[in-house]
Amino acid sequence: MSSPQPAQHNAAIDHVASCALPTPWATFQLHAFLEQGSGKEHLALTLGEIGDGQPVLARLHSECLTGDALFSLRCDCGAQLESALRQIAKEGRGVLLYLRQEGRGIGLVNKIRAYGLQESGADTVEANHQLGFADDLRNYAICAPMLRHFGIRSLRLMTNNPRKIDALKTLDIDVERIEHVASSTRFNARYLATKASKLGHLLPQAPAHSSDASHTSEASEAAAASLKSDDHAGA
């Protein structure tokens, strides 16, 4: 139950629209793609000349509504998304694929169910299993046609996930790994440790807790107390 869905070379996805997207770090081009069959809408943010045949700084980011939009401290997803956009902006050239594969593919509602199980003691992998899901249901086959749309065949990929690299290589995409570690907090330390020990992510053995940015505000202290209270209630 440990592997993502196998890569497929014939994933069908269509580019449907583009626009400028000003952000605090750069004005990206935002591209919308529609996956045939599932109807899922995926995004790409691009910056600079990326179709010149040279390796492109890249991030494949799976949707995490709670982390990306709601500032959840349970994971490192929001921090990784922001860091990737900052690094692409700094380089002046790159691509970020935003893949609608919430909760490693189990969906938003099931992810919330998994969070409930984690509050009762399960880790992120055990919670998936208790809900009847594999560790990771994501399928990276859709990345190949998205990258081909931009003329990209070689990536400098910001990732800690060897499975992601293996999937892209199966799709005949050249990949050089760029380490992409976000600082841990008291809320996500166990999650990061589980990703390293059970999902094979290349993370420091004991990442230092971060004390900066929005992840350690007075609101995070309130969240800590709330989670502690919830843990006792669910015990």
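A compact table of results
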{"read-out": "Where a residue in the range 59-77 is part of a helix (DSSP H, G or I) and at pLDDT below 90 and its partner, wherever it lies, is crowded, with 20+ Cβ neighbours inside 10 Å and among the charged types (D, E, K, R), with Cβ under 8 Å and at least six apart", "value": "none"}
{"read-out": "Members of the range 187-202 that are surrounded by fewer than 16 Cβ atoms within 10 Å (Cβ to Cβ), in contact (Cβ under 8 Å) with a residue 12 or more places away in the chain and part of a helix (DSSP H, G or I)", "value": "A189, R190, K198"}
{"read-out": "Residue match in the range 117-130 (condition: at negative phi, small (G, A, S), surrounded by fewer than 20 Cβ atoms within 10 Å (Cβ to Cβ) and at pLDDT below 95)", "value": "yes"}
{"read-out": "For K169: the one exception among (1) exposed (fewer than 14 other Cβ atoms within 10 Å of the Cβ); (2) at pLDDT below 90", "value": "(2)"}
{"read-out": "Selection count where residues are hydroxyl-bearing (S, T, Y) and in a loop (DSSP other than H, G, I, E, B), scope the range 129-182", "value": "1"}
{"read-out": "Subset of the range 36-78 (residues that are under 22 Å from R138 (Cα atoms) and acidic (D, E))", "value": "E41, E63, D68, D76"}
{"read-out": "The range 97-112, subset assigned to a helix (DSSP H, G or I) and buried (at least 16 other Cβ atoms within 10 Å of the Cβ), residue farthest from the chain's Cα centre (by Cα)", "value": "N110"}
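The values are calculated or read from the model by the stated rules, or taken from the named source; none is laboratory data. Since this is a predicted model, take the numbers as computed values, not measurements. With ideal geometry, Cβ positions are generated from the backbone for all residues, glycine too; neighbour counts draw on all protein chains shown.
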